[in-house]
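Student: Got a structure for you, written out below as C-alpha cells; questions coming shortly.
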Amino acid sequence: MIYSVSGKLMEKRDSFAVVEVLGVGIKLITHRRTLSSLPPVGSQVKLFSHLHVREDILDIYGFLTEEELNFFELLISVSGVGPKSALSILEISELKELAAAIHENRPDLLTRASGIGRKTAERIIIDLKTKVESEMSGEAVKRMESDADIVETLTNLGYRRDDVKTALQKVDKSVTGLELRLKAALKILGKK
C-alpha cells in the first residue's frame, strides 16, 4: 500500500494533482478543498494517499493530512459509499464539522454533498457515529448550517458555487455568525 507521496508538485487540475517522485509523475485524485490548499506548482509537497483497486483500475487518492485520509477510509467503509462520494462529502466542510454532523444525527447536512441521498447519509451516521469523535459538535453544526445558507444566498446573487465555497474557506475561523461570515465572504469575492 502507498501511504504517502512526497515530491515536486507538477500539476493541479480540477480533480487531481500530479506529484513527481524520482522522475515518475503520480496522479493523485483529490477534492477542491485540498487542491486549493496545495502550494504553487513546482513546490515540494507531501500527500497522504489511499490506493483504491477496482477490477482493472488502480486509483490513488491524495490528502493533506493523516486525519483526512483516515476519515476518507472510514467513509468508504460504509456500504454504498465509494471514493467519489467520500471525496464529495469531504469537500462540503472541515473534518470536525463533518464529524459533528454525524455525531448530531444530521443527515440533511451530509446530503449537501453531490451524489449523497438521505438513505446513504443515514447509513453513514449509523455506521460511523461511534467511530468519530466530535468536540463542541453543536457549534460546528451551526457554522456548517450558516455556511450552507451563505452558499445558497450568494449563488442566488449570481456567484459561482465553487467560488463561494473557496471564499468561505478563506474566511477566518474566528469570524462567526451568518451576517459576519457573509460580509467576509463578499469581501473576498470582491477581490477576484
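Coordinate-derived values only; no laboratory data. These numbers come from a predicted model, not from an experiment. A quick note on method: Cβ atoms are made from the backbone with ideal geometry, for glycine too, and the neighbour counts reach across all protein chains shown.
Student: Mind giving me the nanometre distance, one decimal, between the label points for Ile57 and Ser6, set 7 Å out from Cα along Cα→Cβ?
Tutor: 3.1
Student: Identify which of Arg118, Arg54, Arg106 has the largest mean-square fluctuation in a Gaussian network model of the chain, with springs joining Cα atoms closer than 10 Å.
Tutor: Highest fluctuation among the options: Arg54.
Student: Okay, next question. Which whole-number percent gives the relative contact order of the chain, counting Cα pairs below 8 Å spaced six or more residues apart? Show your work: numbers first, answer last.
Tutor: Details: 278 pairs, mean separation 25.4, N = 192.
After rounding, I find 13 percent.
Student: So for the range 4-63, what percent of the C-alpha to C-alpha distances run longer than 20 Å?
Tutor: Values: 284 of 1770 pairs.
For the range 4-63, the fraction of Cα-Cα distances above 20 Å is 16 percent.
Student: Would you mind counting up the charge near Leu64? Only other residues with Cβ under 14 Å from its Cβ, with Lys and Arg at +1 and Asp and Glu at -1. Numbers along the way, then the final one.
Tutor: On the way: positive: Lys12, Arg32, Arg33, Lys46; negative: Glu66, Glu67, Glu68, Glu91, Glu94.
With Lys, Arg at +1 and Asp, Glu at -1, the neighbours total -1.
Student: Which far-off residues, 5 or more places away or on another chain, put their amide H under 5 Å from the one on Arg106, with H placed in the peptide plane?
Tutor: Distant-sequence amide H within range of Arg106: zero hits.
Student: Excluding same-chain residues fewer than 8 positions from Lys119, which aspartates and glutamates have a Cα within less than 18 Å of its Cα?
Tutor: Excluding near neighbours in sequence, the set is Glu104, Asp108, Asp127.
Student: Calculate the radius of gyration of the Cα atoms of the range 66-128 to one decimal place, then report Dmax, the largest Cα-Cα distance, as a whole number, both in Å.
Tutor: Looking at the range 66-128, its Cα Rg and Dmax stand at 9.9, 28 Å.
Student: Right, something else. Calculate the FRET efficiency for Thr176 and Ser15 from the Cβ-Cβ distance with a Förster distance of 35 Å, rounded to the nearest 0.05. Could the numbers behind the result be given before it?
Tutor: Values: r = 31 Å, r/R0 = 0.90.
The computed FRET efficiency comes out at 0.65.
Student: Highest mean first, what order results for 5-13, 165-173 on Cβ atoms within 10 Å?
Tutor: 165-173, 5-13
Student: Let me ask something else. Checking the cross-link filter: which lysines have an alpha carbon closer than 20 Å to that of Lys183, excluding same-chain neighbours under 8 positions apart?
Tutor: Within the straight-line limit of under 20 Å, Lys183 reaches these lysines: Lys142, Lys165, Lys170, Lys173, Lys191, Lys192.
Student: In nm, to one decimal, how far is the Asp149 label point from the Val41 one, both placed 7 Å along Cα→Cβ?
Tutor: 4.0
Student: Using the Kirkwood radius over C-alpha pairs as Rh, can you work out the diffusion coefficient of the range 137-190 via Stokes-Einstein at 4 °C, viscosity 1.567 mPa s, in µm² per second?
Tutor: 119
Student: Right, another one. Just going by the charge dipole of the chain, with Lys and Arg at +1 and Asp and Glu at -1 on Cβ, which of Leu128, Val19, Asn70 is farthest out on the positive end?
Tutor: After comparing all options, I get Val19.
Student: Let me ask something else about it. Taking Rh as the Kirkwood radius, which is the inverse of the mean 1/r over Cα pairs, what is the Rg/Rh value for the chain? Numbers along the way, then the final one.
Tutor: On the way: Rg = 17.1 Å, Rh = 17.6 Å.
With Rg and the Kirkwood Rh in hand, the quotient comes to 0.97.
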